[in-house]
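The values are calculated or read from the model by the stated rules, or taken from the named source; none is laboratory data. Bear in mind that the values here come from a model prediction, so they are computed numbers and not experimental data. With ideal geometry, Cβ positions are generated from the backbone for all residues, glycine too; neighbour counts draw on all protein chains shown. The area values use the complete protein model at the heavy-atom level, side chains included, leaving out ligands, DNA and RNA. Shrake-Rupley method; radii C 1.70, N 1.55, O 1.52, S 1.80 Å.
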Amino acid sequence: MKTALLTLAALAAFEAAAQAPAAPPAAAGRYAKSQDWTAYPLLLPALGGGRGERLAVRLGPRNLHAAALDVFAADGSPEQRHRQVPVGEDGNAAVAPVAPAKGNYTWVVAREEDATHVTVASTVAYFSNPGKAPTALLREPRHELEIVPERLPREHANYRESEKWGFLVRFNGAPLANQVLKLDTDNGSRGRFLTDAEGRAVVLFPRDFRPAAESRGHGHDHGPPRARFVLAAELDAADKHYLTAFNYSYAPDADRDRSLAWGAFFGVLGMAGALPLLRRRKPFKDGGQIDA
Amino acid sequence: MLKALFPTLARFRLAVQLIMLALTVYGSVVVGHYAAEKISGALPALSCAYDMQNSAYCVLIPTQHQFHHRIGEGIVRAQQVTFQIVIPFLMTVLSFFAFFVVIGKAFCGWVCPLGTIQELVARIGRRFGFGLRRFVPGDLGAVGRVRPVKWLLLLALVFLLPLLAGLGVASHSLGNPYCDICPSRLATTLLTGNTEQLALRTNDGIAFALGAIGDALFGFLLVAALAVRQPFCRICPLLAWNSLFQRLSPLRLVKTPHEACAKCGVCSQACPLDIAEIAQAHGRKAFHEDCTLCGRCAEYCPQDGVIQLKWGPWALFASGREYYKRRVKAELPDGSVKPVRFAAREHA
Ligand code: SF4
Ligand code: SF4
């Protein structure tokens, strides 16, 4: 069963690759480890890494070649805000908050460029230390073709299956209308969305977690298991082919594996347990002692 | 103007509580999606991280997480001790402490959303004439019997089990067991119309059991609060946690001895935590570990200046006979209100 699913996913990925001729060949180089679920460029944590770290996460480019990652913090001095971190022997780079006490959302990009292609992978690393809100961080243009979330889920929150979230697509800093945005998920779904006149696409996260949602359990070990997704846009302009992707994670719908009926049952049971306390007793004498 | 709006300390406290309840439950509506994370740093308690509308930061969550992920797992890895373990842990304790230096235990009596909810339920109870039950001998039993529970909960659920989970000795489902039973999590999320927290996880036995205990506890105290004042505060690990720092805060309750106390005891009747020491003792002993700094004892003490709420050298409120007389006319020390009478008004 599992093999069948994997084969299907691989086939789907292959199809996506076929539709996306500019996607670089997977698993071709020292820094490029292939992902079976998508052919789009990704930035993924090294094994054992996760969201909500305080100190550093190790992120590596997948499905594209990059010798370094560009890290943009929401907070800190101008020199601190943008840094380049080299990708090491293991194919990962250490992304850290700008200062031990400053964290929050950090934008991370890998870029591969030659005469005819510009390929960009982007994601967000979250550090659970306090820091500036990412509103400005997401607004600043940095590359030709960009996909940025309108809003990021807050700490302890997630993008979730069956939810709709807005994403903006820009080209040279300007909103890109009627642009196709493709979605691939770790659980094997494929989606296609179109931006409106403001360059905004509403992405519906597919309800695709398998029932016993152990899936691949990324991130830290409480909270729902998460799966990865990638959104990708492609554009030909001025003799160049641009491929940009944004990847992050999403979680199962909140009502999966939860029973409100059992919750209500125990709530009512507790209420019933307190009823004996409500048997009336003689009230206090005015301002005085209790009748024993 | 201020006097007209807030004729009593109780009225002023209620206003503060309602504002803080709105902020801790619906904070993000006021301050925006991400900014909510920032006030959270300034409100480090019972601003529940499970409530997606609020400002999301409760000291009990990072404490459990740090025992689980940093201290527990850190001991396992035995590396980078200062940076990975001590500093984040101190930051949690310090930001919490900075808050408590300013307001001290008044957090419990003035800010805590669950405290406010219990008091509102109690008002309904008094209004509908449910007889008040007290932790006194002859009624629910001596208050001393419940007092150790909060310390046990703090030790076991906030410190020990997360630590054992981090060490790999206990299941990771025990990573934040206090949150799993915390009634404030249920109260604040339900107030935002979110029933997710009430629903039980059916794919994990431990999570199901903890959730069931939490839900039953929540149901219990919602009904119990009709008759017993602040039923949860008595066993709340945050009350215990706060009391560790209570002598360090400039905000405190000061009681001076008075000969009337021997036969009086009105203050301890007014005390929602049934603290007998406020009437029987004075000085340090009277400012008990269970005190929430609600100030009711000072409101109901008929002797001038015997009980005071002080911040540093300044008395914010002091008991007094005139105030007492006014106060008991509206509400008895136990919180009951005079029944509404439908009689013709007398004209002078
Ligand atoms: S001792 Fe006084 S201030 Fe403290 S909880 Fe009791 S009534 Fe409130
Ligand atoms: S109300 Fe005042 S006089 Fe009465 S016991 Fe309390 S402190 Fe003493």
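Annotations
- Once the 1.4 Å probe is applied to the protein heavy atoms, region B:237-348 comes out at 52 Å² accessible per residue.
- Equivalent-ellipsoid semi-axes for region B:247-330 (Cα gyration tensor, √(5λ), whole Å, largest first): 18, 14, 12.
- Here the accessible area is traced with a 1.4 Å probe on the protein chains. For region B:85-241, carbon and sulfur cover 76 percent of it.
- Summed over both chains, the contact between B and A buries some 4800 Å² of accessible surface at a probe radius of 1.4 Å.
- All distinct Cα pairs of region B:116-239 go into the 1/r average, and the inverse of that average, the Kirkwood radius, is 15.8 Å.
- Averaged over B:125-135, number of beta-carbon atoms from partner chains that fall within 10 Å: 3
- Across the accessible surface of region B:247-330, with the other protein chains kept in place and a 1.4 Å probe, carbon and sulfur atoms take up 58 percent.
- Going from the chain on its own to the full set of protein chains, region A:259-276 has these residues losing 50 Å² or more of accessible surface (heavy atoms, 1.4 Å probe, no ligands, DNA or RNA): A:260, A:266, A:271.
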